[in-house]
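The values are calculated or read from the model by the stated rules, or taken from the named source; none is laboratory data. Here the structure is a predicted model, which means the values were calculated and not measured. Reconstructed Cβ throughout: ideal geometry from the backbone, glycine too, with neighbour counts over all protein chains shown.
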Amino acid sequence: QAGTTSAATSPVEYHTNHDQIQQPIDTQMFVDNAFVPSKSDQWIELYDPATNNLVTRVPQSTTEEMKAAVASAEKAFAGWKSTSLLARQQIMFKYVALIREHWDRLAASITLEQGKTFADARGDVLRGLQVAETACGITTQMQGEVLEVAKDMETRSYREPLGVVAAICPFNFPAMIPLWTIPVATITGNTCIIKPSERDPGACMILAELAEKAGFPPGVINIIHGSAKTVDFILDEPAIKAISFVGSNKAGEYIYKRASENGKRCQANLGAKNHAAVLPDCNKNHALNAIAGAAFGAAGQRCMALSTLVLVGETSNWATEIAERAKQLSMNGGFEEGADLGPVISPQAKERIESLISSAEKEGATILLDGRGQKPANYPNGNWVGPTIIANVTKDMTCYKEEIFGPVLVCLNAATLDEAIQVINDNEYGNGAAIFTRSGATATRFQKEIEAGQVGINVPIPVPLPMFSFTGNKKSIAGGGANTFYGKPGMNFYTQQKTVTSFWKAEDAVSAKANVNMPTQS
Ligand code: NAD
């Protein structure tokens, strides 16, 4: 029954430091509004990236467990679909209030499992919360259209939910990205299966607890765990009608293809290599601070991190000054006061990032600031890579061609704005691009000619708020960008259109003979 609440509490403990957890608790699933321990014999160990202490074990959900979650979502669909929009809206209001109330708890789980600083983790939660807040306006967003198409005849359009939908989430935004799906999918009447990243599912489990407390009926939101096996189950399960994926190109291109082959809708946001063109006429102080913040915040593990600079004309030596600002940033455990960036997600990620830095050195670039081998004194065992700036990079270098996904800024030089635009457009990714300039004319030209889907003008990370949509382009989104997350396109993704044409006329006026011609409605 919508609106009723009970007291299921997530078994995610509230930790506000990186001290070793004496007795890690296994992560559970969430099915039918209850936390369910897995009977799996396959478990994925999850370590705090700042210490490499064990935090929890995440199950590879068994096929039976995943089927039970889908059965729960299928069973819930009819009732949820027919729950009035106003009743669903009331639950969403309550969900929003609860997320705000549990903001710090959610953020703490992110800092512990993912590594980002507590302040940044609060931002992760906020960006997801804003999607839920925007979903509360569904009563004006989901209105259809009506037109009197002929005398006594009108056509009305409706948007109806799809059924069971699923989300497959990445590690880097453990709250925001599940919240790209949960509010939009449920407010439009769908039920969902969420697969958080196996590397940091804690925030998602708390979001499930809060959903139950907000009054979502059993089965509307379910959480299963695991890696490729779970993904394949979702891809092949006929009851799942749509899949939302955010993550790397390797996984996402496979997921988009197989989901499409299976006749499912799929939205898939993929990798990135975000550039900023720096023009000599910009506000230099603003640009340097914005660049250092956007390159190294979250240890560069944001799909919209500013990872590549194109220094135009006489700005070619500004990289040294960015390095000075980067040196001021404090790399530390995410719960520590004043920490600016935390560790990267895993020892493997650290090794990969360091090897990409080394490749740049071998290929002739200049390492202006070297984060290899750095670590904060109190966290000797974490996955640390300090802010790194690589100058004199060219387009053929490995560090330019690959998404590094770490605190590494690569800098290229360009003689003119034309050349900078060419470099950026030649790149196969198209998530975001920014320009720093004081000239409206230059910014307008950049905005029109650049092929990236999200453009910042003196804004380094131009992620649109949820009244717009997340509009990556080129290789950063599968399917040519037809299905984007949140905003109006997000709502359209989770709904099917229905049009109804009706004819109401006085009975005595109806002709006695059938008309066999195609109606012309004139
Ligand atoms: P990932 O692709 O490794 O994992 C994402 C999800 O896919 C996880 O749930 C994982 O279990 C699953 N997965 C991983 N490998 C798989 C495989 N071989 N087969 C099936 N499923 C698989 O991504 P990640 O490392 O968690 O996240 C980082 C990546 O996500 C970066 O490339 C980043 O740019 C991208 N990202 C993009 C956006 C965006 O909006 N464009 C946002 C956040 C992150």
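Is it true that some residue in segment 91-104 is in a loop (DSSP other than H, G, I, E, B) and under 29 Å from residue 330 (Cα atoms)?
yes
Can you name the number of the only condition in (1) more than 16 Å from the ligand (Cβ to nearest atom); (2) in contact with a Gly (Cβ under 9 Å, 6 or more places away or on another chain); (3) in a loop (DSSP other than H, G, I, E, B) that residue 337 fails?
If we test residue 337 against (1) more than 16 Å from the ligand (Cβ to nearest atom); (2) in contact with a Gly (Cβ under 9 Å, 6 or more places away or on another chain); (3) in a loop (DSSP other than H, G, I, E, B), just (2) comes out false.
For every residue, the table says whether it meets (1) of a type in the set (Ser, Thr, Tyr); (2) at pLDDT below 95; (3) surrounded by fewer than 15 Cβ atoms within 10 Å (Cβ to Cβ); (4) within 16 Å of the ligand (Cβ to nearest atom).
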site	(1), (2), (3), (4)
418	no, no, yes, no
435	no, no, no, no
443	no, no, no, no
461	no, yes, no, yes
477	no, no, no, yes
487	no, no, no, yes
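Consider residue 373 against the criteria (1) part of a loop (DSSP other than H, G, I, E, B); (2) of a type in the set (Gly, Ala, Ser); (3) surrounded by 24 or more Cβ atoms within 10 Å (Cβ to Cβ): it satisfies all of them except one. Which criterion is unmet?
(3)
Can you pull out the residues in segment 248-272 that are in contact with a strand residue (DSSP E or B) (Cβ under 7 Å, 6 or more places away or on another chain) and near the ligand (Cβ under 8 Å from one of its atoms)? Steps first, please.
As a first pass, look at segment 248-272 and keep what is in contact with a strand residue (DSSP E or B) (Cβ under 7 Å, 6 or more places away or on another chain): 252, 255-256, 259-260, 264-272.
Result: 252, 255, 269, 270, 271, 272.
Could you tell me which numbered condition residue 295 fails, if it satisfies all but one of (1) without any contact (Cβ under 8 Å) to a residue 12 or more places away in the chain; (2) away from the ligand (no atom under 14 Å from the Cβ)?
Residue 295 satisfies every listed condition except (1).
What number of residues in segment 452-486 are in contact with a Phe, Trp or Tyr (Cβ under 7 Å, 6 or more places away or on another chain) and free of Cβ contacts under 8 Å to residues at least 24 places away in the same chain?
Residues that pass the stated criteria total 2.
Is there a residue in segment 135-148 that is outside any helix (DSSP H, G or I), among the β-branched types (Val, Ile, Thr) and either in contact with a Gly (Cβ under 8 Å, 6 or more places away or on another chain) or touching a residue at least 12 places away in the same chain (Cβ under 8 Å) (or both)?
Looking for residues that are outside any helix (DSSP H, G or I), among the β-branched types (Val, Ile, Thr) and either in contact with a Gly (Cβ under 8 Å, 6 or more places away or on another chain) or touching a residue at least 12 places away in the same chain (Cβ under 8 Å) (or both), one finds none in segment 135-148, hence no.
Any chance segment 395-410 includes a residue that's farther than 30 Å from residue 480 by Cβ, surrounded by fewer than 19 Cβ atoms within 10 Å (Cβ to Cβ) and in contact with a Ser or Thr (Cβ under 9 Å, 6 or more places away or on another chain)?
No, segment 395-410 contains no residue that is farther than 30 Å from residue 480 by Cβ, surrounded by fewer than 19 Cβ atoms within 10 Å (Cβ to Cβ) and in contact with a Ser or Thr (Cβ under 9 Å, 6 or more places away or on another chain).
Do we find that residue 89 is at pLDDT 95 or above, surrounded by 18 or more Cβ atoms within 10 Å (Cβ to Cβ) and not small (Gly, Ala, Ser) in this structure? First the steps, then the outcome.
Working: at pLDDT 95 or above: yes; surrounded by 18 or more Cβ atoms within 10 Å (Cβ to Cβ): no; not small (Gly, Ala, Ser): yes.
Here the answer is no, as residue 89 does not meet what is asked.
Of the residues 438, 445, only one is basic (Lys, Arg) and in a loop (DSSP other than H, G, I, E, B); which?
Exactly one of 438, 445 is basic (Lys, Arg) and in a loop (DSSP other than H, G, I, E, B), namely 438.
List the residue pairs whose Cβ atoms are under 8 Å apart, where the first residue sits in segment 240-251 and is farther than 24 Å from residue 163 by Cβ, the second is within 11 Å of the ligand (Cβ to nearest atom) and among the small types (Gly, Ala, Ser), and the two are 6 or more positions apart or on different chains.
Pairs that qualify, where the first residue is farther than 24 Å from residue 163 by Cβ and the partner is within 11 Å of the ligand (Cβ to nearest atom) and among the small types (Gly, Ala, Ser), are 248/271; 249/271.
Is it the case that some residue within segment 124-144 is under 17 Å from residue 496 (Cβ atoms), crowded, with 24+ Cβ neighbours inside 10 Å, among the hydrophobic types (A, V, I, L, M, F, W, C) and within 16 Å of the ligand (Cβ to nearest atom)?
No, segment 124-144 has no match at all.
Quick check on segment 307-330. Is at least one of its residues touching a strand residue (DSSP E or B) at 6+ places or on another chain (Cβ under 9 Å), part of a helix (DSSP H, G or I) and either within 11 Å of the ligand (Cβ to nearest atom) or among the basic types (Lys, Arg) (or both)?
Taking every residue of segment 307-330 in turn, at least one turns out to be touching a strand residue (DSSP E or B) at 6+ places or on another chain (Cβ under 9 Å), part of a helix (DSSP H, G or I) and either within 11 Å of the ligand (Cβ to nearest atom) or among the basic types (Lys, Arg) (or both).
Please go through segment 176-200 and pick out each residue that is more than 16 Å from the ligand (Cβ to nearest atom) and surrounded by 24 or more Cβ atoms within 10 Å (Cβ to Cβ).
Residues satisfying the conditions are 183, 185, 186, 187, 188, 190, 191.
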